[in-house]
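The values are calculated or read from the model by the stated rules, or taken from the named source; none is laboratory data. Values in this document were obtained by computation on a predicted structure and should not be read as measured data. Positions of Cβ are generated from backbone atoms using ideal geometry, with glycine treated the same way; all protein chains shown enter the neighbour counts. Side chains included, ligands, DNA and RNA excluded: accessible areas come from the protein's heavy atoms. Shrake-Rupley method; radii C 1.70, N 1.55, O 1.52, S 1.80 Å.
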Amino acid sequence: MRSPEEILREARTIAVVGASPDPARPSYGVTAYLLQAGYQVVPVNPLAGEVLGLRCVGSLAELEEPVDLVDVFRRPEHCGDVAREAAAAGAGALWLQLGIVSPEARRVAEEHGMDYVEDACTAIVHRRL
């Protein structure tokens, strides 16, 4: 299993599940940061048309290309389903944001060979690189 730093060093495309068009939401700030850091970002939100000028997809099943990392801003009770969608989409890693812990998501990620991080912010970890 790769470290969080290795995951971010090697990732090129990141799907942000729960990306919000509201600048007051943490997912908005992290999405903006990841874009500025040079990642290709795909916002995933069935209720938003776009985030930061990027067209949203409604679910990971709607991705038009593979992603290296799925960055999750959802409550823990939804993370198992997100993990299954990430596995079906062929994602290499699943990352649950700061404050989010899900034994079910961890189990699904491990069963499908995905790297797994929980309770950590991609932007904070990236700043340390």
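Computed quantities for the displayed model
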{"quantity": "Rounded to whole Hz, the Karplus (6.51, -1.76, 1.60) HN-Hα couplings of the range 107-119, x for glycine and proline", "calculated": "4, 4, 4, 5, 4, 9, x, 8, 5, 9, 9, 9, 6"}
{"quantity": "Gyration tensor (Cα) of the chain, equivalent ellipsoid semi-axes in angstrom", "calculated": "19, 16, 14"}
{"quantity": "Cα-Cα pairs of the range 83-129 separated by more than 12 Å (percent)", "calculated": "59"}
{"quantity": "Distance from the range 6-65 to the range 84-129 (C-alpha centre basis), Å", "calculated": "15"}
{"quantity": "Amide H within-cut-off set for residue 94, under 5 Å, with H built and near neighbours excluded", "calculated": "70, 115, 116, 117"}
{"quantity": "Carbon + sulfur, % of accessible area of the range 4-94 - ligands and nucleic acids excluded, 1.4 Å", "calculated": "49"}
{"quantity": "Dipole in debye (nearest 20) - the chain, about Cα centre, beta carbon charges: Lys, Arg +1; Asp, Glu -1", "calculated": "340"}
{"quantity": "Theoretical ellipticity at 222 nm over the chain - DSSP helices of four or more residues, -39500 (n - 2.57) apiece, nearest 500", "calculated": "-10000 deg cm²/dmol"}
{"quantity": "Calculated FRET efficiency for the pair residue 112/residue 65, C-beta based, R₀ 30 Å, to 0.05", "calculated": "0.95"}
{"quantity": "Accessible surface, per residue, of the range 1-112 when the full set of protein chains is kept, probe 1.4 Å, Å²", "calculated": "50"}
{"quantity": "Karplus (6.51, -1.76, 1.60) ³J(HN,Hα), θ = phi - 60°, over the range 84-98, in Hz, Gly and Pro reported as x", "calculated": "5, 5, 5, 4, 5, 7, x, 5, x, 8, 10, 10, 9, 5, 3"}
{"quantity": "Trypsin sites (Lys or Arg not before Pro) lying in DSSP loop within the range 55-129, provided at most 13 other Cβ fall within 10 Å", "calculated": "128"}
{"quantity": "For the range 57-129, size of Cβ-based charge dipole, Lys and Arg +1, Asp and Glu -1, in debye", "calculated": "320"}
